[in-house]
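Everything below concerns the one structure shown next.
Any read-out appearing in this document is the output of simple, stated calculations on the displayed coordinates, not a laboratory observation. Note that the coordinates shown come from a computational prediction; the quantities given were computed from them, not determined experimentally. Reconstructed Cβ throughout: ideal geometry from the backbone, glycine too, with neighbour counts over all protein chains shown.
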Amino acid sequence: MKTASAFGGEVDYAQLVKIYGNERAGEGRYSPPVCIGAHKEEVCGAPEPRHISTSHVERQNLSMRMGMRRFTRLTNAHSKKIENHFNAIALYFMHYNFCKIHQTIRVTPAMEAGLTDHVWEIEELLALLD
């Protein structure tokens, strides 16, 4: 098992596998299919069943799609080069985690995690490029 070998078996990891119905045709084809079921799979360690959820990753994906139009379907804000795409993602996550104060925690995620003691300015972020 790759996950167990990567973390030495010292991580509790599980997946919530969702089962979706058929895709819609016609006007509803851009809407997601209906979730018709889900089951929890323990991958390694001893995860607590009440903590197995997709809420955090779904919120992150929504924030990223809304913050970077290149992840929205039917747009012309795409990257022609993969390097530009990687750079846009890195810039987004650095700003999201080090520069942006979040309402619920009232600090940046990096401050909450103890990675920094202040809100970064854009200049600090750009200085990393040197």
Cα gyration tensor of the range 40-94, axes a ≥ b ≥ c as square roots of the eigenvalues: rounded (a/c below 1.5), prolate (a/b > b/c) or oblate? prolate
Please report the net charge: other residues with Cβ closer than 13 Å to the Cβ of His95, K and R +1, D and E -1. -2
Given the Cα-Cα distance of Ala113 and Asn61 and 0.36 nm per residue of separation, how much length would full extension add, in nm? 16.7 nm
Positive-end extreme of charge dipole, the chain - chosen from Val34, Pro47, Ala110 (charges on Cβ): Val34
Charges on Cβ only, +1 for Lys and Arg, -1 for Asp and Glu, centred on the Cα centroid of the chain; of Leu129, Cys99, Met66, which one is farthest towards the dipole's positive end? Met66
Under 8 Å for C-alpha pairs, at least 6 residues apart: give me the relative contact order for the chain, rounded to a whole percent. 15
Would you please classify the overall shape of the range 25-122 from the alpha carbon gyration tensor, given that a ≥ b ≥ c denote the square roots of the eigenvalues, rounded means a/c under 1.5, and beyond that prolate means a/b larger than b/c while oblate covers the rest? oblate
Shape of the range 1-47, Cα gyration tensor, a/c cut at 1.5: prolate
In percent, how large is the relative contact order of the range 1-47, given Cα pairs closer than 8 Å and 6 or more residues apart? 48
Only Lys, Arg (+1) and Asp, Glu (-1) charged, at Cβ; the chain dipole about Cα centre in debye: 800
